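> Please see the structure below; I have some questions.
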Amino acid sequence: MKNRSFMYQAWLGDIENKTQTFKVVGDSTADFAMEECKHGLGNLATDNGNVTVNLATAENLPAEGFSIVGKPDDITITGGDKIGLLYGVYKFLALLRQNIDTTNISLNDKPTVDKRILNHWDNIDGSIERGYAGNSLFFRNDQLHFDADRLRDYARLLASVGINQICLNNVNVYLESAKLITEEKLPDLAKVADIFRPFGIRLIIAVHFESPVLLGGIKTADPLDEKVAEWWQNATKTVYKYIPDLVGFLMKADSEFRSGPASMGRTQAEGARPIAKALKPFGGVIYWRCFIYNCMQDWRDTETDRPKAAYDYFYPLDGKFEDNVILQVKHGPSDFQVREPNSPLLGAMQHTPQNMELQITQEYTGQQKDLYALAVQWDEVLEHPITETQTTRDIIGTDNKIIALSAVANVGDDENWTGHLLAQANLYAFARLAWNPKQTPKQLTQEWIACTFGNNLKLLEPLTEMILQSRAVYEKYNAPLGIGWMVNIHHHYGPSVDGYEYMKWGTYHRADTKEIGVDRTAAGTGYTTQYQPYVRDMYENLTTCPQDMLLYFHRLPYDYKLKEGKTLIQHIYDTHFEGVEGVEEFIKTWDSLKDFMPQVAHESVKERFVMQLENAKEWRDVVNSYFFRKTGIADEKGRKFYL
Ligand code: GCW
């Protein structure tokens, strides 16, 4: 069972501590925290343990915050409230897991952001949109369907890293999932809420804009129609009867064939209003997604530029939303690509709170077959400037512009939760960043490794290094210099340079025999002008535009000389060879780590690396051959291209 529990429990697995046993005691507020503490300690928790663990709450600490004070024979964990205490307990267990001495320890912690959210894209039939780790933990055959024990483990896993809100159903809501806000499905949904509640995790429900029509039989979903407003009020009342602590709703409207206010000639602010008003008496919020663009573009149309869309739609509406509407903005203006700038909408609005959306599930980043350290990418997202003196990280926090962080989950019912065992590090990193966005990718990666595999330096150092490099390696064999896409259509795994080039989704690289890239400067599509002056100028200017985003902002000839003196085309050839070599190195490193973990863990990751190597080679060969044929420019190193 040890191996299974290793895979299943992830970083909350068994603690081996040879010198200490623990007697857990607590005041009346500590009941659940005590249970969790004993559960985490396993055999080390006994009635006559040599270290006493005292659990209590105290009003002088902030909500969700905690302190841990250690003495040789006793540890006192105090929470600002029950949940803070629970977080303190998990922190203590994590310290033990990492073999960190808790004698004489003294620490205080509290979250920077009070809305730390996971969005599942689970369909009610049990499948998962962009899911790479099995089927849904929550749904089957148009019903809620779950293993309560496993859900409790999942709740524990999430609470142990501080997640406190979760949306179970996909933002693409269809008829059956629309019914989650009706009496037909609410009793079962309430059971899930009951499982998550003691862990401090509250539910969000993704809703359908046309609900009044689909579920209420009303002729229109026009947000200005009184019957529509009344319908939302009644529906919301019913929902809160079953789940009184529901966070609120999540809406994807007017996006990728989902209906919304625009189709009725209304603005997004008008569209959100009746729903926001219905939620208000219950303290509920609505997360309103900003992922809106024209997905019916003609590739010959060079005026329309997809990255401009969200800003164009939403910026003029600043101040027009109800105060319980939180705009959910994807971090980049494209769509979770390997490399893109931050959305100019982030931080631009003065009167409208925002929720920055990240994607943990690896849709464009290797689909949990390829290793990809999202923490590295997110660090860049957080460092992205808003002005000369302010970064995105600076505007995150409960009293700031970005008041919430959310991410699309990478979890399914696979034994190890995430398909690729090492992809757990991404889930871990997101949650810890939502708790404290100041943590570095290295800290987060090391912590996850130490919690999962132990802190033997012979494992910790090479594995940390490998994980941290994985983003760069993946990027090398993918679409070059920030141009994005070039993936197989629909499923988005593997290369197809022209896959989306002539389709309607607005994602064009526009490569011809001479040039590649999109001119998004003021002289081009004008996208750069959506940024504040400092950022606009940085991207506008070829010499200050970060090299890895050159083709996102500029259209350049293949013989354009990059900073290091290489031509653009040679850079493409070289990086694609280097990417494959990087994966070969990973495999060597991984092979050398065999003795530091259960066989089952080692083998499962090895299988993924074999797939990754195939993928990297295919990218190398397809991309290099494509550009060689298109340009006729030979590789300076005379290497053979496969195709
Ligand atoms: O680009 C798309 C993804 C869709 C997803 C959408 C979104 C849930 O390919 O699968 O739909 O983004 O974020 O709404």
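The values are calculated or read from the model by the stated rules, or taken from the named source; none is laboratory data. These numbers were taken from a predicted model, which means no experiment stands behind them. Every residue, glycine as well, gets a Cβ built from its backbone with ideal geometry; the counts of neighbours run over all protein chains shown. SASA here: full protein model, heavy atoms, side chains in, ligands and nucleic acids out. Shrake-Rupley method; radii C 1.70, N 1.55, O 1.52, S 1.80 Å.
> Would you mind getting me the FRET efficiency between Leu224 and Asp512? Use the beta-carbon distance for r and R0 = 41 Å, nearest 0.05. Can you show the working numbers first?
Working: r = 47 Å, r/R0 = 1.15.
That pair, Leu224 with Asp512, gives E of 0.30.
> Quick check: pseudo-label points 7 Å beyond the Cα along Cα→Cβ at Cys295 and Thr529, how many nm apart are they?
Here the answer is 2.9 nm between the modelled labels.
> Around Ser625, under 13 Å between beta carbons, what's the net of Lys plus Arg minus Asp minus Glu among the other residues? Mind dumping the intermediate values first?
Values: positive: Lys617, Arg620, Arg629, Lys630, Arg639, Lys640; negative: Asp498, Glu618, Asp621, Asp635.
Local charge sum for Ser625: +2.
> Provide the solvent-accessible area of Phe586, counting protein heavy atoms only and rolling a 1.4 Å probe, rounded to the nearest 10 Å².
That residue has around 10 Å² of solvent-accessible surface.
> Leaving out ligands, DNA and RNA but keeping every protein chain, what accessible area does Cys451 have, in Å² rounded to the nearest 10, with a 1.4 Å probe?
Approximately 0 Å² of Cys451 is accessible to the 1.4 Å probe.
> Counting only the backbone N, which residues of segment 216-251 are under 15 Å from the spot 7 Å out from the Cα of Ser263 toward its beta-carbon?
Only 218-223 pass the distance filter.
> State the Cα centre-to-centre distance between segment 594-611 and segment 476-548 in whole Å.
Using only Cα atoms, the two centres lie 36 Å from each other.
> Taking all protein chains in place and a 1.4 Å probe, what share, in percent, of the accessible surface of the chain do carbon and sulfur account for?
Working: 12040 of 24530 Å².
About 49 percent, which is the carbon plus sulfur part of the accessible surface.
> Ok, one more. How large is the charge dipole for segment 366-433, taken about the Cα centre, if only the Cβ atoms of Lys, Arg (+1) and Asp, Glu (-1) carry charge, to the nearest 20 debye?
With Lys and Arg at +1 and Asp and Glu at -1, about 80 debye.
> While we're looking at this one, here's another question. Students often forget the sequence filter, so: which lysines lie under 27 Å Cα-Cα from Lys640 once same-chain residues fewer than 8 apart are removed?
Result set, ordered by chain and number: Lys369, Lys476, Lys514, Lys561, Lys563, Lys566, Lys588, Lys617, Lys630.
> Taking the solvent-accessible surface of protein heavy atoms with a 1.4 Å probe, what is the per residue accessible area of the chain in Å²?
Result: 38 Å² per residue.
> Take Gln439 and Asn104, extend 7 Å from each Cα along the Cα→Cβ direction, and tell me the distance between the two endpoints in nm.
Here the modelled spin labels are 2.5 nm apart.
> Right, something else. By accessible area of protein heavy atoms, probe 1.4 Å, what ranking do Lys637, Lys438, Lys280, Lys401 get, highest first?
Lys438, Lys637, Lys280, Lys401
> Once the whole set of protein chains is in place, how much accessible area is left on Leu463, using a 1.4 Å probe, in Å² to the nearest 10?
Leu463 has an accessible surface of roughly 0 Å² with all protein chains in place.
> Regarding segment 39-146, what whole-number volume in Å³ per residue does the convex hull of its Cα atoms give?
That works out to 163 Å³ per residue.
> Residue farthest toward the positive end of the dipole of segment 1-122, with Cβ of Lys/Arg at +1 and Asp/Glu at -1: which of Leu86, Ala30, Thr57?
The residue sitting farthest along the positive end of the dipole is Leu86.
> Rounded to the nearest 500 deg cm²/dmol, what is the calculated helix-only ellipticity per residue at 222 nm for the chain, with -39500 (n - 2.57) per DSSP H run of length n ≥ 4?
Value at 222 nm, helices only: -11000 deg cm²/dmol.
> Now, a different point. How high is the FRET efficiency between Glu256 and Val25 when r is their beta carbon distance and R₀ equals 56 Å, given to the nearest 0.05?
Efficiency computed from Cβ-Cβ geometry: 0.55.
> Each label point is 7 Å from the Cα along the Cα-to-Cβ direction; what then is the distance between the points at Asn60 and Ser496, in nm?
Here the answer is 6.4 nm between the modelled labels.
> For the chain, what proportion of DSSP beta bridges, expressed in % and rounded to the nearest 5, is antiparallel?
Restricted to the chain, the bridges split so that about 25 percent are antiparallel.
> Given R₀ = 51 Å, FRET efficiency for Arg629-Glu129 by Cβ-Cβ distance, to 0.05?
The calculated FRET efficiency here is 0.90.
> Among all the lysines, which ones have a C-alpha under 28 Å from Lys91's C-alpha, if same-chain residues fewer than 8 places away are not counted?
Lys91 reaches Lys2, Lys18, Lys23, Lys38, Lys71, Lys82, Lys110, Lys115, Lys191, Lys438, Lys442, Lys458.
> What whole-number volume per residue, in cubic angstrom, does the convex hull of the C-alpha atoms of the chain give?
It is 156 Å³ per residue.
> Let me ask something additional. Given H placed 1.01 Å from N in the peptide plane, which residues other than close sequence neighbours of Val53 have an amide H under 5 Å from its amide H?
Those qualifying (amide H under 5 Å, at least 5 residues apart or on another chain) are Lys23, Val24, Val25, Ile75.
> Under the 0.36 nm per residue contour assumption, what length would be gained going from the current alpha-carbon distance of Lys606 and Arg140 to full extension?
Result: 164.7 nm gained on full extension.
> Roughly how many debye, to the nearest 20, is the charge dipole of segment 457-612 about its Cα centre, given +1 on each Lys and Arg Cβ, -1 on each Asp and Glu Cβ, and no other charges?
Details: 16 positive and 22 negative charges, 76 e Å.
Roughly 360 debye, rounded to the nearest 20.
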